[in-house]
1. With +1 on each Lys and Arg Cβ and -1 on each Asp and Glu Cβ, how big is the dipole of the stretch 319-387 about its Cα centre, in debye rounded to the nearest 20?
2. Take the alpha carbon gyration tensor of the stretch 118-167, find the square roots of its eigenvalues, order them as a ≥ b ≥ c, and report rounded if a/c is under 1.5; if not, report prolate when a/b exceeds b/c, else oblate.
3. Using a cut-off of under 18 Å, list every residue of the stretch 11-45 whose amide N is near the label point 7 Å from the Cα of Asp107 along the Cα-to-beta-carbon line.
4. Once the piece of chain linking Tyr631 and Ala619 is laid out straight, how much longer is it, given 0.36 nm per residue of separation minus the C-alpha distance between them?
5. Using the Karplus curve 6.51 cos²θ - 1.76 cosθ + 1.60 with θ = phi - 60°, work out ³J(HN,Hα) for each residue of the stretch 386-392 in order, rounded to whole Hz, and write x for Gly and Pro.
6. Computing the accessible area with a 1.4 Å probe over protein heavy atoms, can you report the carbon and sulfur percentage for the stretch 8-259?
7. Based on the Cβ-Cβ distance of Asn12 and Ser409, what FRET efficiency does E = 1/(1 + (r/R0)^6) give at R0 = 60 Å, to the nearest 0.05?
8. Where does each of 389-398, 18-27 land if you order them by average Cβ count within 10 Å, highest first?
Amino acid sequence: MKSESQFYEKINTVICRNASEASEEVARHVINLIRQRAEASRPVVLGLATGSTPLLLYKRLIQAHREEGLSLAHVITFNLDEYYGLEREHPESYWRFMHDQLFDHVDIPKENIHVPDGTVPRDEVFEYCQGYEAAIAAAGGLDIQILGIGRTGHIGFNEPGSSGDSLTRMVTLDRLTRKDAARDFQGENAVPRNAITMGIGTILKAKKIFLMAWGQSKAEVLAKAIEEEPTAALPASFLQRHDQVTFYIDQAASSELTRIKRPWLVGPMQWDRLLIRKAVIWLAMERDKPVLKLRDEDYSEYGLAELITDYGPAYDLNIAIFNDLQRAITGWPGGKPDADDTHRPERATPKQKRSLVLSPEPLVAEMSMGATIRRLVSQGHTVTLAHLCSGNLGVSDRDALHAAEFASSVIAEEDTVATNDGSSRIPVLKELREKSPYQEDSPTVRDFKGLIRRSEAMTTGRALSLTTPQIRHLDLPFYEKGRYRRFKPLDEDVDKLVELLREIRPHQIYMTGHLSDPSSLDAVSFGLFRQAVEQVSQDDWWEGCRVWLYSPADALMPCYVSEMSVPVSPDELHEKVKAIYSYHSQRSQVPGVDNQEAWDVARSLGLKAAEEIDALGLAEYEALERFQRWYEQV
Ligand code: F6R
């Protein structure tokens with residue numbers, strides 16, 4: 001039964017505490033059906049997805065198989081999709097992915113496994129796809145279809161524009177989808193342009209559908225799919241046509257749903273400081289009025305009568321919120337020396353703090369809080385910027401080849417006697433020249449790419465006023481041994497972080513990743529950070545340490561959660577943009593808003609934050625960088 005708070009939702013949606021709990025719920029349904037069918041000696045047909053989203057579900061199925069005697073011998077599977085042009089054994093093929101993540105660890109008979117074949121000759125694709133549909137039908141149809149959702153709103157690879165009746169076919173991937181996959185393929189150019197996918201019509205024929213989604217980056221598209229009218233512009237919205245669909249999502253992914261974003265519209269409220277902030281900011285935006293000009297009528301007409309009754313009149317509430325927002329804005333992110341700090345985000349003492357900025361990989365912190373880093377340095381704090389991972393997977397072969405050719409020509413110039421063949425001095429050059437677009441990087445190539453990122457990070461760091469020793473590279477081992485979406489954090493990663501924390505004994509730490517998809521680099525890094533904090537939480541210095549969270553590089557922290565906003569002047573913004581601009585290898589690589597470069601993303605998010613503050617009737621700044629306190633008890 002839908003509750004009152006789900007009034008706007010046209011799809012049954014369950015918000016779970018985190019991705020593990022949600023995956024557990026879905027696993028329960030799947031496991032129950034597998035057991036029921038086993039008892040009845042009937043097969044069960046599962047439609048499966050790849051990507052980061054179902055990883056925990058597959059882990060749970062493997063665990064049930066190993067530890068709880070679950071047999072999958074009568075399970076028949078059909079995967080949603082496959083990149084066109086990839087051999088099965090390619091590390092990024094969905095065939096490979098499914099074998100690594102599930103099939104190799106359970107007892108599904110080989111002949112029961114179906115993953116679309118990405119190597120079918122073009123002129124046979126049509127027939128092949130008809131055969132795939134026929135095979136699903138012959139197996140009795142899909143009992144359960146598992147789905148993730150792309151940021152374009154795609155399900156399977158049904159990109160915007162797909163018809164609700166579409167069947168299995170060859171499709172062209174959306175630019176945003178290819179951009180999101182760029183890291184897996186070490187550059188957007190290597191991402192296949194086409195895929196074979198089940199259609200929306202195929203998916204809708206399944207008896208039950210479970211869609212899962214994690215992390216802030218899915219929030220907007222989910223809210224549209226769940227609450228707006230079905231449209232081909234957002235393929236997942238067609239799931240509204242099915243009466244046996246449930247979405248299982250985590251809290252970060254639920255943040256744009258009406259019941260979370262504007263809960264006062266859908267039920268009784270228990271107000272707290274953040275919710276009041278949220279409501280007043282929302283009302284000011286809706287009414288297009290500065291906070292101080294909101295009237296009692298505005299509150300009542302927009303469903304906030306209860307708020308104004310309990311906390312009004314408008315005059316008092318407006319001033320309280322205005323002051324609250326104003327106090328969060330500070331040009332002194334390390335605290336203002338000798339000032340009364342009762343209402344300031346940071347403490348005045350000690351005057352000079354040790355600030356530790358942690359960045360999951362180079363450029364994340366620089367994009368999100370580059371101007372704050374410069375400010376902390378100029379205000380005399382001892383700043384260390386530590387990149388947790390080398391980021392070598394984010395360098396394209398083209399950039400690596402360029403760097404290797406340059407290095408080899410320098411050596412050849414300087415040492416003409418020794419050899420005419422510079423390439424012999426730079427062994428990686430030969431490897432890069434011979435590398436095929438889909439080939440995985442060898443450790444030598446990864447090391448070399450890491451050096452490129454390191455030198456670029458130094459250039460960017462210096463442009464943000466840091467000196468060479470202030471820029472640290474932890475090169476955490478889990479990253480060096482892994483690939484995107486498949487990182488497995490290790491104890492030695494936590495040890496390295498603990499060592500850094502104990503060496504610096506910071507008064508402030510800046511970190512991100514708390515709202516990201518659990519398999520993303522940001523979230524894995526945040527998990528390691530949390531473990532490291534657990535270990536140092538008994539140290540004497542820890543009590544004097546404050547943790548500030550910044551947003552991922554491509555997202556804006558909502559105004560209402562921000563407890564520290566650092567103004568950025570036009571010149572400071574220019575310096576920050578210049579610093580990011582000099583980070584050459586990440587041009588066109590940073591996942592984010594389509595067709596925007598890293599510096600452009602950072603710039604526009606900063607401007608947008610300032611525009612919001614201006615619209616609320618606070619001071620008019622060029623740009624702002626926002627932070628939130630991390631209060632979690634360890
Ligand atoms: C995967 C698939 C896609 C993904 C979607 C989300 O087989 O068809 O629709 O489910 O792109 O990807 P992740 O889970 O990686 O965020």
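1. Numbers: 9 positive and 7 negative charges, 39 e Å.
In debye, rounded to 20, the stretch 319-387 gives about 180.
2. Numbers: a/c = 2.08, a/b = 1.21, b/c = 1.72.
It is oblate, given that a/c is not under 1.5 and a/b is not larger than b/c.
3. Counting only backbone N, you get 31-45.
4. Numbers: separation 12, 0.36 × 12 = 4.32 nm, distance 2.81 nm.
Roughly 1.5 nm would be gained on extension.
5. The phi angles translate into 10, 8, 5, 10, 6, x, 4 Hz.
6. Numbers: 4540 of 9620 Å².
Using a 1.4 Å probe with all protein chains present, the stretch 8-259 comes out at 47 percent carbon and sulfur.
7. Details: r = 62 Å, r/R0 = 1.03.
For R0 = 60 Å, the calculated efficiency reads 0.45.
8. Values: 389-398: 23.8, 18-27: 19.3.
The peptides rank, most packed first, as 389-398, 18-27.
The values are calculated or read from the model by the stated rules, or taken from the named source; none is laboratory data. Not measured: the values here are computed from a predicted model. Using ideal geometry, Cβ is built from the backbone for each residue, glycine included, and neighbour counts are taken over all protein chains shown. To get the accessible areas, we keep the full protein, side chains included, count just its heavy atoms, and leave off ligands, DNA and RNA. Shrake-Rupley method; radii C 1.70, N 1.55, O 1.52, S 1.80 Å.
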